[in-house]
């Protein structure tokens, strides 16, 4: 069984932006999800991360929080396609949409609107000690807010952050030339206490 | 259980160059190793890839081929540290050192000296159909030779290739600044027939 | 005569961090300095940018503002080495150190401490309409503050911003391998009114 | 007067690929073109490099070699637009098209088809000692051939090479997000003897 690394082309996508395979792999691996984990996927988009998280946490459960109806449909379609049942789609926006959910072992934040601080406050309450929050930040404002929060909450979280850039080689006749993918910041926050 | 994603700092390293965590994760994931797989790790270095591959292929076996005695010692030390037993260290240089080994399901090539074509010829004989060879190329000459071989062997292999660059954010007082890691090309070749 | 592009190794450097050649070239070119221009170089460091700016503005003048005594010495040594006389070294920290200076045609900000907003306010007063401010930002906090200021002052400035990453190929025996240089954000702000 | 750094949007482009501003700046600066220089621009495309080279070499001359009729038209249109007269458009393919040209002080190679070795042989004959050849390589095969040639001709040329990647920040509502530009290798070869 393959735990993560589904090709981008295998997901049903519509026009909703999707995390690219390499970023998905790094995000999921850095989250250190175990088979029986409860995982929040906040801003689940097409559900590509939720699907792979659910296959890793095959005895646990993934809560896919998404506010966009087009995204919600895609998550459900992808669940059918990949025959994954341990995802509960939560329609709405974090932090509000997190209200009734059980505590969790890992959190992935792909989209936070402008509520990042409030989301991280609640995530800290819900997450087990040693649990990990992985944030994918594609804007300067989001990585900046994220670092500002984590620096102000050094007693609650340790963190590390990377920027990743992938260039895909594309064959054009006898040549292979680089086709750039937009870079992304991946932040790993680990709950200390 | 964590399948891959051990931190770089946890490996015993000496002065042997080591694949960085993010590249290790992408390499292992793209290899699509299954629990009972036979894996070759050619140019195993410190054994960081072998250790993680052996934990994924926990019912299978990893052959760690390494010509450098310092590397061989490190692989053995890391096996002890991570309590991994399903690695067989093969002292020597590919392709010669591959002589007595059983057929395989996945191959990782971190170092090939100048014998890449000969290694890929033998790897093709040994690999199952649908099996994957993942090559990490840090020099222009290696990525170029690798693509030349794969273009000349289109009937035997499909391939895709990416370049990955990671910048690690480093906290310096109130600031987070990027610390660049050298980029690498990761090639995935899939045996067609 | 070469207008910009002095090799890094030609500057006297000490232990003061120096803008790398490629970033220096892009910074100076985006500043669109003319021969008779008055230029501020804020956070001048070793003076590498000031030296090149002074050679372009050979009928004008460069004010090199630097608070670090080691930097001030290096700027003076580099002025001697490159026989450049149209630089006035201003010891101190912006915005205070900008007090007595004449109006200007171009501004380069390599280091701003934590006074970026105050500096940009004064720079706007001093800069001619159509004049350019080029900011080199190596931290997330600086690029973020810079963008926040420019978004809040859309009536005063237009802007564009890039991130640049350079990998230098290093010959190692028969191979050429990439040696990564830390990436940097370069912001160009153009005074509208 | 601005010596280089024309915005991409100012050039007439059609569908011919154009070197991006930052790469154009680095290429021209590394070429160290002087006012009275003779410059070859081999594979001139839209002429964006030729136009800027001709403004630097305003007392000299640029030979823009291009085989594609659409490119040749664009070069001529851009010459009119930027009122540059010291460019001679040479229709054809190097090395053949270099036949009747005078010796030169600097050479820029943006496109070489598959004749790179032959082109570099002739360029070496024509170039002054200390003169520079700048090669823009967007494919693995081209950078590889280029390095192979330069390694085989160490007595004739010194070289350095970089890979440059630019991400352009794009404002989307309240956010600035990176928009990746394809990376490129820039090789500088300096004629020794």
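None of the figures in this text is laboratory data; all of them are computed from the coordinates on show. Here the structure is a predicted model, which means the values were calculated and not measured. So basically every Cβ, Gly included, is an ideal-geometry build from the backbone, and we count neighbours across all protein chains shown.
Measuring from the axis that superposes chain A on chain D, report the chain A residue with the minimal C-beta distance, rounded to whole Å.
With distances in whole Å, chain A gives A:180, 2.
Counting only C-alpha contacts under 8 Å and six or more residues apart, can you give the relative contact order of region B:24-191 as a whole percent?
Contact order relative to length: 21 percent.
Just want to confirm a number: the relative contact order over region C:1-108, from Cα pairs under 8 angstrom separated by 6+ residues, in percent.
Once normalised by length, the contact order is 30 percent.
List the distances, in nm and shortest first, from the label point of residue A:152 to the matching label points in every other copy, placing each point 7 Å from Cα along the Cα-to-Cβ direction.
Going from nearest to farthest copy, the values are 1.5, 6.1, 6.2 nm.
Taking the Cβ of each residue in A:154, C:61 as the centre, tally the other Cβ atoms inside 10 Å and list the residues starting with the fewest.
A:154, C:61
What is the Cα centroid distance between region B:1-46 and region D:8-64, reported in whole angstrom?
Each part's Cα centre sits 46 Å from the other's.
Given 20 °C and 1.002 mPa s, how large is the Stokes-Einstein diffusion coefficient of chain D in µm²/s, with Rh as the Kirkwood radius over Cα pairs?
Using the Kirkwood radius from Cα pairs, D works out to 127 µm²/s.
Report the percentage of all Cα-Cα pairs in region A:93-165 whose separation exceeds 17 Å, rounded to a whole percent.
Tail fraction, whole percent: 41.
Among A:59, D:93, B:88, D:52, rank each residue by its count of other Cβ atoms within 10 Å, from fewest to most, as a rough exposure measure.
A:59, B:88, D:93, D:52
With only alpha-carbon pairs counted, each pair once and no self-pairs, how large is the Kirkwood hydrodynamic radius of the protein assembly as shown in angstroms?
Computed over the protein assembly as shown, the radius equals 28.2 Å.
I'd like the distance between the alpha-carbon centres of region B:166-187 and region D:81-124, rounded to an integer number of Å.
The distance from the Cα centre of region B:166-187 to that of region D:81-124 comes to 40 Å.
Sorted from shortest, what are the nm distances separating the label point of residue D:172 from equivalent points in the other copies, each placed 7 Å from Cα along Cα to C-beta?
List, nearest first: 2.4, 3.0, 3.7 nm.
What share of the DSSP beta bridges in the protein assembly as shown is antiparallel, in percent to the nearest 5?
55
Give me the distance in nm between label points sitting 7 Å out from Cα along the Cα-to-Cβ direction at residue D:10 and residue A:15, one decimal.
So the label points at residue D:10 and residue A:15 sit 3.6 nm apart.
With a 10 Å Cβ neighbour count serving as the proxy for reagent exposure, in which order, fewest first, do D:90, D:62 appear?
Final ranking by Cβ density, sparse to dense: D:90, D:62.
How many nm is it between the label spots at residue D:182 and residue B:193, if each spot is 7 Å from the Cα in line with the beta carbon?
3.2
Would you mind computing, in nm to one decimal, how far apart the modelled labels at residue A:114 and residue B:125 are, each placed 7 Å from Cα along Cα→Cβ?
The answer from the label model is 6.6 nm.
In nm to one decimal, list the spacings between the residue A:35 label point and its equivalents in the other copies, with label points set 7 Å along Cα to Cβ, shortest first.
Nearest first, the other copies' label points are 0.7, 7.8, 7.8 nm away.
Restricting to region D:21-191, what percent of DSSP beta bridges are antiparallel, rounded to 5?
50
Restricting to Cα pairs below 8 Å that are 6+ residues apart, what does the relative contact order work out to for region C:70-145? Please round to a whole percent.
28
For peptide B:146-152, how many partner chain Cβ atoms fall within 10 Å of a residue's Cβ, on average?
Taking the mean over all residues of the peptide, I get 3.
For a quick check, take a GNM of chain B with Cα springs below 10 Å and name the residue from B:110, B:47, B:130 with the largest mean-square fluctuation.
Among B:110, B:47, B:130, the largest mean-square fluctuation in the Gaussian network model of chain B belongs to B:130.
Given N residues in region A:1-78, what is Rg(Cα) / (2.2 N^0.38 Å)?
Rg over 2.2 N^0.38 Å, computed on Cα atoms: 1.00.
Looking at region D:56-109 from every direction and averaging, what is the projected area of its Cα convex hull in nm²?
3.9
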